[in-house]
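Notes for the one structure printed next.
The values are calculated or read from the model by the stated rules, or taken from the named source; none is laboratory data. It should be emphasised that the depicted structure is a prediction, and the values quoted were computed from it without experimental measurement. In this analysis, Cβ positions are derived from the backbone assuming ideal geometry, glycine residues included, and neighbour counts consider all displayed protein chains.
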Amino acid sequence: MAVSIDRVYQKVLALANKEQRGYITPQEFNLFADQAQMEIFEQYFYDTSQFKRRPASNSEYHDMVELIDEKLRTFRHVEVVYNGSQVDFYKIGSVFTGSTIVEQVKFEDFVESEISPLTKSSHDRPIYYHTGSGLRFSPPLAPTGTQYRMDYIKKPSPPNWTYLLNHIDNSALYNPSAPDHQDFELHISEEPKLVIKILQLAGVNTKDYNLTQLAAQKEASIIQQEKQ
């Protein structure tokens, strides 16, 4: 279940107004929302790397890795790819054909391996590299009866609180039916963190350090609850 962008916006406005910190426009909110979502998303990979370095016997860290993996599940995809395919991904897991893993190499190594018969790729040892022009495979075609497939993690779509203008007072009216409307794609449990991060970004943007401090206090409260 995704996080409602309208619910987050209303909470952000309520907390900001409670502290008499002014109005955060939809345009500002959408910018802060995108940055907040990406910060939380990117933190998953840092935390996973840190937790995996801890002793394997520590069940607490093992549980945390599993929890992060669950939160990333909605971003994991496997799709068929071809020579020249362009895929919008954040991180590649693996590329394979049948039960054979396709080795990723640098462009220089890709070119060099094709020159020598001793290192030239084959269906038993396929290779690929990735550039702005897409994926390049050698051999270009997978073995008959198979396909190249890529397991990857995509970036979350930028959140977008869409609205219509109220012609009476020119205020913004939430419009969830707009074609470019987009909720947050993070796990529902991340809603409090999104609210806090957006408040922090709003405070930094306006140099309102009282608002930033309010967000920091609420963040410390969440961290304390997670440790209990």
Top-ranked residue of region 46-91 - restricted to ones that are at pLDDT 95 or above and among the hydrophobic types (A, V, I, L, M, F, W, C), ranked as nearest to residue 157 (Cα to Cα): 75
Condition broken by residue 197, with the remaining ones in (1) modelled with pLDDT of 95 or more; (2) outside the structural domain of residue 100 (by TED's automatic domain parsing) satisfied: (1)
Inter-residue pairs, beta-carbon under 6 Å, first on the phi < 0 side of the Ramachandran plot and in the same structural domain as residue 142 (by TED's automatic domain parsing) and in region 103-124, second surrounded by 12 or more Cβ atoms within 10 Å (Cβ to Cβ) and of a type in the set (Lys, Arg), 6+ apart: 114/120
Members of region 139-152 that are surrounded by 18 or more Cβ atoms within 10 Å (Cβ to Cβ) and touching a Gly at 6+ places or on another chain (Cβ under 9 Å): 142, 150, 152
Whichever residue in region 83-138 is among the acidic types (Asp, Glu) and surrounded by 12 or more Cβ atoms within 10 Å (Cβ to Cβ) and, among such residues, is nearest to residue 151 (Cα to Cα): 103
Test set (1) at pLDDT below 95; (2) assigned to a strand (DSSP E or B); (3) of a type outside the set (D, E, K, R) - residue 152 fails condition number: (1)
Meets criteria (of a type outside the set (Ser, Thr, Tyr), part of a strand (DSSP E or B) and either within 25 Å of the chain's Cα centre (by Cα) or farther than 30 Å from residue 161 by Cα (or both)) for residue 123: no
Region 126-145, residues that are in a loop (DSSP other than H, G, I, E, B) and in contact with a Phe, Trp or Tyr (Cβ under 9 Å, 6 or more places away or on another chain): 126, 140, 141, 142
